[in-house]
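Heads up, the thing below is written out as structure tokens.
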Amino acid sequence: MSTEIQTFTEKYDLLGCIQCGRCTGGCPVTVRADLNVRRFVYDAYYEEKLDELARLAEIWDCTACHTCAVRCPKGLKPLEVLLGLRTMIIESGKVEPTVRDALQSVLLEGNPWEKSRAARSDWMEGLDVKIAEPDVPVENLIFVCCTIAYDPRVRVIARNAVSLLNKAGVDYAFLDDSETCCGSEVFTLGEEGLFEMLVEDNTELLNEYSAKRIVCLSPHCFTTYKTKYPDLKAEVIHYTQLLDEMLKDGKISWKGELNRRIVYHDPCYLGKQGDIYEEPRDLLRSIPGVELVEFDRCRERSLCCEGGGGKMWVESESKKERLAETRIKDAKALEADIVAVACPFCVLTLEDALKGLGYEEEMRVAEITELLGEFAEA
Amino acid sequence: MKMFVCIKYVPDTSEAEVKVNPDGVSVDSSRFSFDINDADNYAVEESVLIKEAGEGDITVLSIGPKQSDVMIRMAMAKGCDQAIRVEDDRIASHDPLMVAKVLAGAIKGQEFDLVLTGCMAGDDGHMSTGVALAEELGVNHASMVKKVEVLDGKVKAHRELEGGLLEVVELELPAVLTIQTGINEPRYAPIRGIRAAQKKELKVASLDDIGVDPVAVGPDASMVILEQLYIPEVESSAEFIEGEAEEKADKLASILVKGGLV
């Protein structure tokens, strides 16, 4: 047996698998793709099969939602076997052009959206934003996220966060153009080398600031910093935790009533992976006039929107209904007026689905900061 | 097959607003991201595919600043073997003929079968450097190449012509091919490959190092004078010329003459 197969088997603890099937039984993608993660965990033990497995299109169907990892009774992460196979393809260089361009953009410009680094802070225009300085102590160092910084639809998350923080007089600071991709999607696309580089560089950058906490606006950055950056000095939290603190300290006051029925969609990276379930709900419930309802599949059973796992750059071959569409239909059945989320990717995928289904007149998808921006004093 | 692939480090102007500096002859590049010229990226891939299909040795050749090393290392991560980067501020780099003379200077004296480069640069769009390079080297060339077949001592090049026509030509080697985008699908350069490529030789050379007379490729030798850069004005009016064909031609000729266009 070669060293390589021992590494693969050991790296993903393949011998720990008891083939119970809880991973495949919970995998949300199986309804629309041929992905069978249990089979991959079984077959990947055989060295001679690895190249063949890596060439199977379904390794790119995984959204890295972590349902399989949450359900595994042995504490394994079956999805990471798929990511390991993706790494083999990435290292060969023969990847989809969209994946190639996203990864190259992370290396050259610090974001996967092929945008110039110099434009990273453009979202701040017209706002009074406090910028962090190395060695100047700050309670909350805010990490924006590439998608929020560049995508015009979700920039509102960062802009509203600034208004709320300024109004509450919270000690905070944002990074300038030096903020660089956390590598969440780099990791799930299987570019291990680039991810290792980002961990090294970002750890050095973030540790330069005397921050007590790093507050991530995206659950993807939150989970990545929390679980894959062992040498960060500051505690890592999600913005819903900070806003919930502000709410409980009486630092958020309301200027109107929403009077709407809201269903909250748990983002996989915040719930299943970050174990944050209550804070977003507390924030939504606190808005005057809100009636909060729940999906049947909520919390750790929440249905993935298919925005993670690098899926923003990999189109599924399946023509079956997108999970985001299923989710929006479920929300419609609950007669919800608003599908509230706490993740930029969920906003984009669910809103696309809502528009595709033609429900724009009767429903909307809103990030929690959007609702707070509309109904909190700022 | 001994190959050279000539690549250029260019700004991506598709996202950021292009602003001309007060000097009128340069562009504010502070908000641009830079990368390998698109067509050159396809040339790199084509050279690697030729190497993979048989035997080969590829030298990356570029004129540019130190910041462009990352682009060169990426090409080497994909399979190019060594690189030469010419860095010298005496080059009249706005003139494709001067650029071609520098590239030729770096290649001359070395054995080569094939030189590949992109058919056009994304920044100035001259489409001239590759052809001028062939002239300087005194070898055959084919431009806008969409497909390459390597034969014994020759290459068959499929050229894209105007109007969607395709021309197939055979060239005796050595030759220069300017590569059109879409000829292949450029691969990704994984970071581990880029790191491994640090071991490959990247020679930084001045004009003196490659034996090119700075005067011969400088502003005084160039017949191109960059007078002014400006953003084309968006015109909102259009004039329709009425009348019989002869009458229309007369009117059009008079407009062109009055406008100083002929």
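Bear in mind these aren't lab numbers, they're just calculated from the coordinates by the rules spelled out. Keep in mind it's a predicted model, so treat the numbers as computed, not measured. As a convention, Cβ positions derive from the backbone with ideal geometry for all residues, glycine included, and neighbour counts pool all protein chains shown.
Computed from Cα atoms, the angle from the helix B:96-107 axis to the main principal axis of chain B rounds to 10 degrees.
The angle between the Cα long axis of helix B:245-258 and the main principal axis of chain B comes to about 70°, on a 0 to 90 degree scale. Taking every DSSP beta bridge that has both ends in the protein assembly as shown, the antiparallel portion is near 25%.
If you take every DSSP beta bridge fully contained in chain A, what fraction is antiparallel? Give it as a percent rounded to 5. Percentage antiparallel, nearest 5: 5. Only DSSP H runs of four or more residues enter the estimate; each adds -39500 (n - 2.57), and after division by the residues of chain A the mean residue ellipticity at 222 nm equals -12000 deg cm²/dmol. Set the Förster distance to 25 Å, then compute FRET efficiency between B:ALA216 and B:LYS66 from the Cβ-Cβ distance, nearest 0.05. Plugging the Cβ-Cβ distance into 1/(1 + (r/R0)^6) gives 0.50.
Only lysine pairs 8 or more places apart, or on different chains, with alpha-carbon atoms under 25 angstrom apart are counted in the stretch B:91-179, and they number 6.
Express in whole angstrom the spacing between the alpha-carbon centres of the stretch A:314-352 and the stretch B:136-167. Rounded to whole Å, the Cα centres lie 49 Å apart. Scanning residues 5 or more positions from B:VAL176 or on other chains, those with amide H under 5 Å from its amide H are B:VAL115, B:ASN140, B:HIS141, B:ALA142, with H placed 1.01 Å from N in the peptide plane.
Each of B:ASP209, A:ASP266 was scored by other Cβ atoms within 10 Å of its Cβ. Arranged with the fewest first, they read B:ASP209, A:ASP266.
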